[in-house]
Amino acid sequence: MNTRIVRTVEELFEVIPETIGFTPTDSLVIVGHNGFTSRVDVPIGPDEISDVAASFEPALKHMSDEVTVVVYGYDQTWVNENIPDMVFEILPGIRVRHMIAAPEDPAGPTRQSIVEVASSITDPVAALRLAWTSWREGNGALANIFLDRVVTLEIPPEIEVFRFALTQILSNAIHPHDTGSEALYETAMKELESFQQTTK
């Protein structure tokens, strides 16, 4: 995976869509200064904070001790009034260096447009392969979109194990370059390709 040094806010706005695979809308994006990035929808209601905090727990082991928070869909005043307390509960013990409102009308494909593309896929194996490939390329958010599509399709029992495995990988924020991840990816892709060929 290539490393990119981000020196300005403008460069940060450019790199976030590249990292997660789409331009966020109505989102809170947390960017670790080690490059690890995670996203959640906003606004977050008071009764949702604990669930969101729990969902971020696996990511904390990969997150650096210092992060920048970028909010899409809201102005800087809203960010200043609502985000500090929210982030304190979501990311306990992590220092937030900046809290920034992203500019309006960002360029690039939005999550909604990618969901629409994913919804047009009718082959669960193809969708699952795209999910695995997205994760391998470091786009966990994109992998989740394709995995959500897999769930809506009738998945053959023979490949259910690979859907379950990727679900666990994403929920535990396992990095594609962690020990064993490469072999797991190769096995999944080989078996899925083989299944596709035998069912043609």
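Among the residues of region 52-63, are any over 22 Å from Glu14 (Cβ atoms) and free of Cβ contacts under 8 Å to residues at least 12 places away in the same chain?
yes
Would you mind stating whether Ser38 is hydroxyl-bearing (Ser, Thr, Tyr), buried (at least 20 other Cβ atoms within 10 Å of the Cβ) and at negative phi?
Taking the combined requirement at face value, the residue satisfies it.
With respect to Val125, determine if the residue is crowded, with 19+ Cβ neighbours inside 10 Å, farther than 15 Å from Phe22 by Cα and in the same structural domain as Ile16 (by TED's automatic domain parsing).
no
Of the conditions (1) hydrophobic (A, V, I, L, M, F, W, C); (2) more than 30 Å from Met189 (Cβ to Cβ); (3) not in a loop (DSSP other than H, G, I, E, B), Ile44 clears all except one; give me its number.
(3)
So Phe164 clears everything in (1) over 20 Å from Ile16 (Cα atoms); (2) in contact (Cβ under 8 Å) with a residue 24 or more places away in the chain except one condition, right? Which one?
Condition not satisfied by Phe164: (2).
Residue check: is Gly73 surrounded by 14 or more Cβ atoms within 10 Å (Cβ to Cβ), at positive phi, of a type outside the set (A, V, I, L, M, F, W, C) and touching a residue at least 24 places away in the same chain (Cβ under 8 Å)?
Judged against the criteria, Gly73 is a match.
Among Gly45, Gly32, which is the only one that is crowded, with 16+ Cβ neighbours inside 10 Å and out of contact with any Pro (no Cβ under 8 Å at 6 or more places or on another chain)?
Gly32
The values are calculated or read from the model by the stated rules, or taken from the named source; none is laboratory data. Note that this is a predicted model, so its numbers are computed, not measured. Note that each Cβ is placed from the backbone with ideal geometry, even for glycine, and that neighbours are counted across all protein chains shown.
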